[in-house]
Amino acid sequence: MNEEIVVERNFGGRFSDALNRVEELYLRVLRAIVLIVATMLILYALWLGISGAFGVMRSPTSVVEQPATVNADELTSAELPEQSAPRQPTEPGSDPNQMKFYAGFVTKYYDLYRKSFEPFRQQDDKRLSKDEFDDSFIQTDKRLDAIRSGELDFGRDKADLGTLLTIMSEAAQKTQTQERLKKYKSAQRVPVTKQVQRTRTETRRGWDRYSMACPDWYQDPMGCTVTRTVEIPYTETVKSMEFPKGTQSHTQIFRAFQDRYFSLLTERRERVAREAQAERESIIEGNATGWISLKTALSVVGGFLVLMFFFLLIAIERHQRRLSAELSHSGD
């Protein structure tokens, strides 16, 4: 009988030891998993915190539009002749300082034209006076009107015109510009024949069944004889004396350079403004994403603390089991 009891106790002890070893292995695996997950959560929370803080710290007001520039080499091949605009009367009330600036600029700009472009005019070309030059190229009166109405910023226009004078002075000395001006000065008009589409007006008589302009319009056949005016297209051969194709006058070249300068300046300013606005919108989106990342980081930290608490419970429970086992062995 005593032998049976000893055998049962030995069997129960061996089973309990095996169960303890399995439990210990399971707890080790679980503890390793918890530590790995906790480490990943910490790293993830750290990354979210840094990226979120970076996104929140950026401000849309920190974006500064880069100044748009134009260089002289971009003007020398410009071919944009336009008609001169008529002079508009200046309304009273213009700032004397603004009028003084434009008067001084017109003088300097006109001197550039006379020294670098007008010497290449042909004999029958008209000499422009300073007022005619202003009407054609600067249009001071329109600029002053635009400033008064708020459509034009005087400070920006002043800077643009100052740069224009510098760029035009450089462009006038370029080899390509000199070749174009010399080509015009030595050019001869040649006879040119063109086919031009025109229209002529003709009067034609015909029957209009809906007309009631005659006494018997209601009798069969209904209607009246009417006279109509029609436009007849035709082709006409026109002969004229013109400069060879690709030859432009000194005023056309001057105007083309100026128009090219302002078109490039406007185009680049618009592009810079679009890029700056896109960057501002990106920063605003980054701010929103940054706050979301920070909130997510706090949630991840909370999850990490929960895991650490769970790990602490496992450690406490394991420690208690170990103490109980040691106490039971010491009691035996």
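The table below lists the values:
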{"item": "Projected-area average for the range 115-243 over all orientations - Cα convex hull basis, square nanometres", "result": "16.8"}
{"item": "Evaluated at q = 0.17, 0.24, 0.26, 0.28 Å⁻¹: base-10 log I(q)/I(0), Debye formula over Cα of the range 190-242", "result": "-0.65, -0.86, -0.92, -0.97"}
{"item": "Karplus 3J(HN,Hα) series, Hz, for the range 181-198 with 6.51 cos²θ - 1.76 cosθ + 1.60 (x for Gly, Pro)", "result": "5, 5, 4, 5, 4, 9, 6, 10, 5, 10, x, 10, 10, 10, 9, 10, 7, 10"}
{"item": "Square roots of five times the Cα gyration tensor eigenvalues for the range 82-188, Å", "result": "29, 16, 11"}
{"item": "Over 26 Å (Cα to Cα) - which of LYS108/LYS185; LYS182/LYS245; LYS100/LYS183; LYS142/LYS183; LYS100/LYS126 fall in this group", "result": "LYS100/LYS183; LYS142/LYS183; LYS100/LYS126"}
{"item": "Cβ-based net charge around GLU202, under 10 Å, with every Lys or Arg adding one and every Asp or Glu removing one", "result": "+2"}
{"item": "Two-site label geometry, SER263 and ARG322: point separation in nm, points 7 Å out along Cα→Cβ", "result": "8.5"}
{"item": "15 Å beta-carbon shell around ASP124, net charge (K/R +1, D/E -1)", "result": "+2"}
{"item": "Taking the range 190-242 and dividing mean pair separation by its residue count, relative contact order in percent (alpha carbons under 8 Å, at least six apart)", "result": "53"}
{"item": "Residue-span extension gain [ASP216 to ALA32] - 0.36 nm each, minus C-alpha spacing", "result": "54.9 nm"}
{"item": "Debye, to nearest 20: dipole size of the range 82-188, +1 on Lys, Arg Cβ, -1 on Asp, Glu Cβ", "result": "560"}
{"item": "Rounded to the nearest 20 debye, dipole of the range 252-332 from Cβ charges on Lys, Arg, Asp, Glu", "result": "360"}
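Each value in this text was obtained by applying a stated rule to the coordinates, not by laboratory testing. Computed from a prediction, not measured in an experiment: that's the story for all the values here. Methodologically, a virtual Cβ is constructed for each residue, glycine included, from the backbone with ideal geometry; neighbour enumeration extends over all protein chains shown.
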